[in-house]
Amino acid sequence: EGRCLYVILLMALYWCTEALPLAVTALLPIVLFQGILPSNKVCPQYFLDTNFLFLSGLIMASAIEEWNLHRRIALRVLMLVGVQPARLILGMMLTTSFLSMWLSNTASTAMMLPIANAILKSLFGEKDTSKDMNRENEENQASLQQNKLYTVPTEMQFLASTEDKDLTEEKEVASDTLSDLKKEEEYKTNIWKGFLISIPYAASIGGTATLTGTAPNLILLGQLKSYFPECDVVNFGSWFMFAFPLMLIFLLLGWLWISILYGGINLRGWRKRKSNIRVDAEARAREVIKEDYQKLGPTKFAEQAIFFFFCVFAIMLFSRDPKFIPGWASLFAPGFISDAVTGITIVIILFFFPSQKPSFRWWFDLKAPNTETQPLLTWKKAQETVPWNIILLLGGGFAMAKGCEESGLSVWIGSRLHPLEGVPPPVAVILITIVIALFTEFASNTATIIIFLPVLAELAIRLKVNPLYLMIPGTIGCSYAFMLPVSTPPNSIAFSSGHLMVKDMARTGLLMNLMGVLLLSLAMNTWAKSIFQLGTFPAWANIHAENATSHLTAVENVTLSAL
């Protein structure tokens, strides 16, 4: 137990400080588990079926990006929701969260930010401030430049630049205009911030809705199979039924909070009539979105094929074993069909299905050219775009969990959790979510959940509650990191644009974190109970508890005999 604890603490230190690349740190168990776990048991943890499920999701995402299907979906959604600021923020968040369910959170954010910037520039114009505005707002401009914020011209600034002579004729009109200029400048800056901050938040929320949406979800699945081999209640379908409603509720509340905080929804002036210039700006934004959509051209055969296989991919994963009705996997021998088999089956087709519409005349035309047809996805493209380091990172987490189990460290940790046995389970859920959400503000969410899941599993055994009742909130809680730029890669990407300050993320993210904790607690005590049977202590957890007790007794006997 001591050796295993040392390795885990060392890996946790390296993951938090990034002294080594995360994927390289994940390889340490192969070397350092000498005397803890044989290498022939460590190495297979890096290629469990959970890893292949994640790999299938990454390859599907690569194919979607290859043919720009994600961009077409994003622009189409924005055309439907409208170009008013609050509606555009909602459109951005809905699109980003949907893409993040299937693509990585980082890729979804990186794809949506350029679209957001193009729309914002069409709404507010380029950086072009009049001389009068520079003189009157010297302090405000210095503050903006110091914090690297994008200085956007306002509607009133355009008027000021074109009607300079008229403004100087009447001093009273000039003073009123300057006060309006300040308000307009503040409004535009806030809208800009609201747009940019909504995208990484939506990506983090959306990634929780599917098992393949983010790495921590799959780490939960892998560690469940390691600790509780008899547990079969968590799969793609059951997770989606639990997490998708939670995602929608959180997304809606997050949109309301961001829109109210940054002026997208004005509770005081909602009856005010919009100025003609603001109407013109929204018309320009609508044209920009329409023009970008038209640049994509008509829908290609490859896009239609990718969309079809994407739908088949999602439907087959969802319907394999949805629990409330028999799934299609029941047609096969039990234990042979998993989510990994489903995902890999679909993505294999992408490597030979043609990207151009095949012609049946070719078979009957002897003079037809025998040219090679490009498939929907080439292996070279998959090699370049799939983040293979995540596979190693997942494997490192599974190897660590296996070491904790085999060495008896998880049992030892459980034996030290006596003070927490009196905590009511609902309170434990809230405390766990808060602690993990705060911890992941400073550390990788993948590393965080790898470290905490073994402890949560043993704590659940001590509390005599379903282990999923504590492990699921811990898993989702590590995705609720909204307060700092370093919390998640999407936060870092949005912050690196130069338009946001740390205090913007801190004040917005604080309430987002609180909402996430409360909504997650609500979900775990309502619909999650029926989906995962959380109201009882399951037999598969009882078997683990009995094995752990016998293991602990054996360890104590060895220690006493040594003394």
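The values are calculated or read from the model by the stated rules, or taken from the named source; none is laboratory data. Predicted model, so just to flag it, every value in this text is computed and none were measured. With ideal geometry, Cβ positions are generated from the backbone for all residues, glycine too; neighbour counts draw on all protein chains shown. For accessibility, only protein heavy atoms count, side chains too; no ligands or nucleic acids. Shrake-Rupley method; radii C 1.70, N 1.55, O 1.52, S 1.80 Å.
Of everything in the stretch 285-313 that's free of Cβ contacts under 8 Å to residues at least 12 places away in the same chain and open to solvent by less than 70 Å² (accessible area, probe 1.4 Å), which residue is nearest to the chain's Cα centre (by Cα)?
The selected residue is CYS311.
Looking at this structure, is PHE52 surrounded by fewer than 22 Cβ atoms within 10 Å (Cβ to Cβ) and hydrophobic (A, V, I, L, M, F, W, C)?
So PHE52 passes the test.
Assuming LEU99 fulfils every condition listed in (1) surrounded by fewer than 18 Cβ atoms within 10 Å (Cβ to Cβ); (2) touching a His at 6+ places or on another chain (Cβ under 7 Å) apart from one, which condition is it?
Result: LEU99 fails condition (1) only.
With the requirement that a residue be part of a helix (DSSP H, G or I), within 22 Å of MET400 (Cα to Cα) and open to solvent by 10 Å² or more (accessible area, probe 1.4 Å), what does the stretch 222-247 give you?
Within the stretch 222-247, LYS225, SER226 qualify.
State the number of residues belonging to the stretch 314-357 that are touching a Gly at 6+ places or on another chain (Cβ under 6 Å) and either of a type in the set (A, V, I, L, M) or open to solvent by less than 60 Å² (accessible area, probe 1.4 Å) (or both).
4
If GLY498 meets every condition in (1) open to solvent by 10 Å² or more (accessible area, probe 1.4 Å); (2) touching a helix residue (DSSP H, G or I) at 6+ places or on another chain (Cβ under 9 Å); (3) outside any helix (DSSP H, G or I) apart from one, which number is that one?
Going through (1) open to solvent by 10 Å² or more (accessible area, probe 1.4 Å); (2) touching a helix residue (DSSP H, G or I) at 6+ places or on another chain (Cβ under 9 Å); (3) outside any helix (DSSP H, G or I) one by one, GLY498 breaks only (2).
Among the residues of the stretch 20-33, write down those that are open to solvent by 70 Å² or more (accessible area, probe 1.4 Å) and over 17 Å from CYS404 (Cα atoms).
PRO21
Looking at (1) open to solvent by less than 50 Å² (accessible area, probe 1.4 Å); (2) modelled with pLDDT under 60, find the lone condition where PRO538 falls short.
Condition (2) is where PRO538 drops out.
Counting just the residues of the stretch 11-62 that are in a helix (DSSP H, G or I) and charged (D, E, K, R), which one comes out farthest from LEU221 (Cα to Cα)?
Checking each candidate, the answer is LYS41.
So which residues in the stretch 102-115 are open to solvent by less than 10 Å² (accessible area, probe 1.4 Å), in a helix (DSSP H, G or I) and closer than 17 Å to ILE205 by Cβ, if there are any at all?
Once the filter is applied, which keeps residues that are open to solvent by less than 10 Å² (accessible area, probe 1.4 Å), in a helix (DSSP H, G or I) and closer than 17 Å to ILE205 by Cβ, the stretch 102-115 yields SER108, THR109, MET112.
Let me spell it out: the conditions are (1) open to solvent by 80 Å² or more (accessible area, probe 1.4 Å); (2) without any contact (Cβ under 8 Å) to a residue 24 or more places away in the chain; (3) closer than 30 Å to SER521 by Cβ, and PRO424 meets all of them except one. Which number is the exception?
(1)
On the given criteria, is VAL455 surrounded by fewer than 24 Cβ atoms within 10 Å (Cβ to Cβ) and within 22 Å of LEU13 (Cβ to Cβ)?
yes
Could you check the stretch 431-443 and list, in sequence order, the residues that are within 15 Å of PRO489 (Cα to Cα) and surrounded by 23 or more Cβ atoms within 10 Å (Cβ to Cβ)?
Of everything in the stretch 431-443, just one residue is within 15 Å of PRO489 (Cα to Cα) and surrounded by 23 or more Cβ atoms within 10 Å (Cβ to Cβ), namely THR440.
Return yes or no: is VAL435 in contact with an Asp or Glu (Cβ under 8 Å, 6 or more places away or on another chain) and β-branched (Val, Ile, Thr)?
no
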